[in-house]
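The values are calculated or read from the model by the stated rules, or taken from the named source; none is laboratory data. In this text, all values refer to a predicted model and were calculated from it rather than measured experimentally. Glycine gets a Cβ as well: all are built from the backbone with ideal geometry, and neighbour counts include every protein chain shown. Each accessible area value is taken on the protein alone, full model and side chains, heavy atoms only, with ligands, DNA and RNA left out. Shrake-Rupley method; radii C 1.70, N 1.55, O 1.52, S 1.80 Å.
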Amino acid sequence: MRVLVVDDDFMVAKVHSGYVERIEGCTVVGVAHNGADALDAAARLRPELVLLDVYLPDMSGLEVLTRLRTGAADDPFVLVVTAADDSGTVAAALHGGALHYLVKPFDSAALAAQVHRATRIRRDLDRVRDQSDIDRLFGGTGAAPARTPGGPERMPKGLTTPTAELVAGTLRAHSGTDAEADLSATECAEATRLSRVSARRYLEHFVSTGQVTVRLRYGGTGRPERRYRWVG
């Protein structure tokens, strides 16, 4: 994943670039500190993902968003990263086609979850064959998708999208072809710093949406252990 980082604060841009470079398979291809430079860099460097601040010195990041999201198949995904948390800005980002919206400050795990999501969506776009593939891209299983295009997933009561993305990112990072490449609720809780009960709720949610499979591992006495694997 080729990433362009856009932020007027040089130190913040450096921190976010460091987050990106620690994600396997990702590289920062450019950094811009205003809207004009961001548009120029996007045209020259053709990034696949743009981390875009809203507060820029020459124009709003929302204007940059609408100029990046033209509707072309090769438009970059845009992840809005900003201190703005008002409903108007969030709505504008959503309608402008932002992949997701992270409010500063956020940690590297939250960003990694969104980068992995962008990678998965871009991969799945190349595999669209029928309605079921389209439903999976939009996060649903039929005529009523579970998420708005480019917007957040509608979570069950008591669950939040940022935490769900954290759990999903942890599972994806642990996935593989090995039979043991899965996690228990306890292991997931330790990796995400959630309680075991909370981790289990998110894991079971992903099982219900078909994004995670579960197997039972039998040991000595007591109940078998539920082991979770991300399948996307």
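In nanometres, what is the gap between the two model label sites at Asp135 and Asp85, each 7 Å from Cα along Cα-to-Cβ?
3.6
I'd like the accessible area for Asp37, computed on protein heavy atoms only with a 1.4 Å probe and all protein chains in place. Round to 10 Å², please.
So the heavy atoms of Asp37 present about 80 Å² to solvent.
Once you place label points 7 Å from the Cα toward the Cβ at Arg215 and Asp107, how far apart are they in nm?
It is 3.0 nm.
To the nearest 10 square angstrom, what accessible area does Phe10 show with a 1.4 Å probe?
About 140 Å², ignoring ligands and nucleic acids.
Between Arg223 and Arg46, 0.36 nm times their residue separation minus their Cα-Cα distance comes to what?
Numbers: separation 177, 0.36 × 177 = 63.72 nm, distance 5.19 nm.
Full-extension gain reported as 58.5 nm.
Sorted by accessible area with a 1.4 angstrom probe, largest first, how do Glu24, Glu165, Glu187 fall?
Correct descending sequence by accessible area is Glu24, Glu187, Glu165.
Among Met11, Met155, what's the order by accessible area (1.4 angstrom probe), most exposed first?
On the way: Met11 120, Met155 40 Å².
Ranked from most to least accessible, the order is Met11, Met155.
Once you put a point 7 Å from the Cα of Leu125 and another 7 Å from the Cα of Glu204, both along the Cβ direction, what distance in nm separates them?
3.6
Quick check on packing: order 41-47, 51-57 by the mean number of other C-beta atoms within 10 Å, highest mean leading. Mind showing how you got there, number by number?
On the way: 41-47: 16.1, 51-57: 20.7.
Top of the packing list down: 51-57, 41-47.
Rg over Rh of region 14-129, using C-alpha atoms and the Kirkwood radius, what does it come to? Display every interim value, and only then the final one.
On the way: Rg = 13.6 Å, Rh = 14.5 Å.
Value, to two decimals: 0.93.
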